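These notes concern the structure reproduced below.
Each reported figure results from applying straightforward, stated rules to the coordinates on display, with no laboratory input. What you see is a predicted model, and the numbers here were worked out from it, not measured in a lab. FYI the Cβ positions are ideal-geometry reconstructions off the backbone, even for glycines, and counts take in every protein chain you see.
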Amino acid sequence: MKKSVCGLIIFLAFVGVSVTNAHAERLLAVGIAQLDCNFDPDLAKRVATNIAKITSYAHVIKTLKNPDMIVFPEVCIPGPCSPDEFAKLAEPIPAGPTTQALMKLAKDLKVWLIPGTLFEKENGKLYNTLVVISPEGKFVTKYRKIFPARPVEPSEPGDQFVVFDIPGKAKVGLMICYDSMFPEVARTLTWMGAEVIIKPTYQDDSEGGERCRIPIVQTRAMENQAWVVDCNAAAPMANGLSSIIDPEGRVVEKLGNSEAFTSVVLDLDQVTRVREKGSFAGGFTFLKYWAYLTKVKSFPPYEKGIANGPLFKTLSPGWVDNPSQIKPY
């Protein structure tokens, strides 16, 4: 009898441990809101209208989906605009009134909030800047777009990569739209520990359409064995197709072109498994190969300078800096 009781106790203890471990899974519920933004020529009214729309969607998503984080598209508050409007809309971050209003929203909803990008001014320079706000309404960090989309975007390039920690959940890296065209951005975020890469976007069909977005974010996810959350603005000014990609490049969720929202629970333990054991049912440990297998430890473009490569001897220096410089060919 005593042995039976002891056996039962051991069994229950084992089950209890198993249940506890199951509850310890690292899960991050992310909601994305694919919005069309207002382009009112009255800039104050434009910002107020777009903040009101973000607020409305955030409340709906929180009520219906209860995510840990809500992500909005690039420039969904100020909207794409001329250099003159950019300067008028720019604010200090986090001291400016827009960031302060968004901090209150995050606190009210008790959610991690990534409200698209804002126009930032500091020391006479203007940046396209992504902000992160905690569920306590605290400003956590900001990321200035490293690769502004010349010739249509007048902002200064940022020079800092940003990864932040959601305690007990995930390490999250930030990039913005055009940054994804440069694989070094996502790879650097991954090297810094990012398991999820958040990518607010403003892209329309004139910029390559779907072929210039979905395959790119799938590749960034696959090669870095990370979740990628790509939140674009909606039609008619952008083309939507916001997507959430898993660490093996699968499209887990994809919206259409119109205004919409969705949410996905990201399994962060999947990132660990794939990076440790390999993609595609095991074996393909891309990141480990990058670190340990290759005999190339220094890549020539970075060792010798990108502009010093033979390629650039065949090209004229500089670039098209604004739309007036575009020449048909």
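Odds and ends about this structure:
- Listed peptides 220-229, 60-69 by packing density, highest first (mean Cβ within 10 Å): 220-229, 60-69
- Peptides ranked, highest mean first, by Cβ atoms within 10 Å: ranges 100-112, 252-264: 100-112, 252-264
- Span-like helix ranges in the chain, DSSP H, alpha carbon extent 30 angstrom or more, Kyte mean at least 0.5: 2-23
- GNM flexibility winner over the chain from ILE244, ILE214, ILE176 (Cα, springs under 10 Å): ILE214
- Footprinting exposure proxy for CYS212, CYS231, CYS37 (fewest neighbouring C-beta atoms within 10 Å first): CYS212, CYS37, CYS231
- Shown for LYS304, LYS121: other C-beta atoms within 10 Å of each C-beta, ranked fewest to most, produce the order LYS304, LYS121.
- Cα Rg over Rh - the chain, Kirkwood: 1.04
- Extension gain, ARG26-THR294: 0.36 nm per intervening residue step, less the Cα-Cα distance, totals 93.4 nm.
- The packing ranking, built from the mean of other Cβ atoms within 10 Å per residue, places the peptides 138-151, 194-207 in the order 194-207, 138-151, highest first.
- Overall, region 26-283 carries a charge dipole of about 600 debye about its Cα centre when +1 sits on the Cβ of Lys and Arg and -1 on the Cβ of Asp and Glu, all other atoms neutral.
- Computed [θ] at 222 nm, deg cm²/dmol, the chain (DSSP H ≥ 4; -39,500 (n - 2.57); rounded to nearest 500): -9500 deg cm²/dmol
- Inverse mean reciprocal Cα-Cα distance (Kirkwood Rh) of region 204-259, Å: 11.1 Å
- Radius 11 Å from Cβ of GLU153, net charge of other residues (Lys, Arg +1; Asp, Glu -1): -1
- Fluctuation leader among ILE114, ILE70, ILE166 - the chain, Gaussian network, Cα springs under 10 angstrom: ILE166
- For region 50-194: rounded, prolate or oblate by the Cα gyration tensor [a/c cutoff 1.5]: oblate
- Within straight-line cross-link reach of LYS45, aspartates and glutamates at Cα separation under 19 Å, skipping those fewer than 8 residues along the same chain: ASP36, GLU74, ASP84, GLU85, GLU91, GLU120
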